[in-house]
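In what follows, a single structure is set out as structure tokens and then discussed.
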Amino acid sequence: MRHKMPQRASRAGFTLVEVGVAIFIVTIVALAGFAYYGTARMSEINEWHEQNALFQCEREVESWHAAGYTGLAGFTAGQSGANYLPYGYSYSSPDAAWNQANRYKDVTLDGFTYRVRAQNQYNANSGDDYFVQASWSGITYYYRQINVVVQWGDLTASTSAFEMNLETRMAR
């Protein structure tokens, strides 16, 4: 009589341990991909807002230049320096879009609100004409120094989550 050796069962599937390891690896890769996508998307949104804010800053700087050096004559000390100007471009012809009490102008671009503000920096004045006066090699020169600020995100009366500023100067 012959004694038969038991035959091994063929291995046609996966074991539970192999399935568990595969699911674990796929989960780790998927989580890393989702984290990367979330970070990349947030960076894209922030960059988009910064581009819009830069566009607004440049547009406001051009408007200030269009009003010229003399457009700022008439603002008081309380409306210049660290304080924001109550309305834009020219003391003699206020921009109707500016909120004079809170000293800003809201601009909606692509469905989002950006708040535009401006400051007239100075170190000298002649009456209600505040300007920067500087000397170099015995030559005295005068200019306007305008700081345009664009704010966005969680806007309140005076603050925001994000802001960008751009400075310009206009010689007399």
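Based on what the data block shows, is residue 90 surrounded by 18 or more Cβ atoms within 10 Å (Cβ to Cβ) and assigned to a loop (DSSP other than H, G, I, E, B)?
Yes, satisfied.
Looking only at region 109-139, count every residue that is farther than 17 Å from residue 60 by Cβ and not in a loop (DSSP other than H, G, I, E, B) and tell me the total.
Going through region 109-139 one residue at a time, the tally reaches 10.
Could you say whether any residue in region 97-109 is modelled with pLDDT of 90 or more and acidic (Asp, Glu)?
Scanning region 97-109 turns up at least one residue that is modelled with pLDDT of 90 or more and acidic (Asp, Glu).
Considering only residues that are of a type in the set (Ser, Thr, Tyr) and crowded, with 19+ Cβ neighbours inside 10 Å, which ones fall in region 103-121?
104, 114
If I ask for residues that are in contact (Cβ under 8 Å) with a residue 60 or more places away in the chain, in contact with an Asp or Glu (Cβ under 9 Å, 6 or more places away or on another chain) and not small (Gly, Ala, Ser), which ones from region 49-91 would you list?
Matches in region 49-91: 52, 61, 72.
Restricting the search to region 140-172, which residues are in a strand (DSSP E or B) and exposed (fewer than 14 other Cβ atoms within 10 Å of the Cβ)?
Correct list: 140, 141, 167, 169, 171.
State the number of residues belonging to region 106-159 that are without any contact (Cβ under 8 Å) to a residue 24 or more places away in the chain and among the aromatic types (Phe, Trp, Tyr).
Total meeting the criteria: 1.
The values are calculated or read from the model by the stated rules, or taken from the named source; none is laboratory data. Remember, predicted model here, so these are calculated numbers, not experimental data. Backbone-built Cβ (ideal geometry, glycine too); neighbour counts: all protein chains shown.
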